[in-house]
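To start, the structure under review is shown below, and the notes come after it.
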Amino acid sequence: MLDTTTYRDALMRRLRQLDTRLHAIETELDAPRARDWEEAATEREGDEVLEQLGQGGEAEIARIRAALDRLRNGTYGTCTGCGEQISAERLDVLPETPLCRRCAAEMA
């Protein structure tokens, strides 16, 4: 049986990190812009990178929240693809994963 407390703590810690990062990205995107067109173009490129990072962070948050839901309903650690147990080694690396290694490889 899995020690779900360890995974819940890891998921919550990562959720806080992502929340902090996304707030920093929002602040940067909302910052006043340069008037010089060359600087504005450079800032726009930076904004595009920040937006990509923000989207990636939002996707990870969604995966973490889904994992926390699985913890609450008692299905955490069970592959949503095949119903088999996800290895502790895999959960140690990817605590938010809903898939065992085999199902993840098949979906890739």
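Structure above, values below:
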{"item": "So Gln17, is it over 30 Å from Thr75 (Cα atoms) and among the polar types (S, T, N, Q)", "result": "no"}
{"item": "Flag if Ala40 is at pLDDT below 95, more than 24 Å from Asp92 (Cα to Cα) and of a type outside the set (Lys, Arg)", "result": "yes"}
{"item": "Residues located in region 62-88, provided they are of a type in the set (Asp, Glu) and farther than 26 Å from Leu22 by Cβ", "result": "Glu84"}
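The values are calculated or read from the model by the stated rules, or taken from the named source; none is laboratory data. All of these numbers come straight from a predicted model, not from anything done at the bench. Virtual Cβ from ideal backbone geometry, glycine too; neighbours counted across all protein chains shown.
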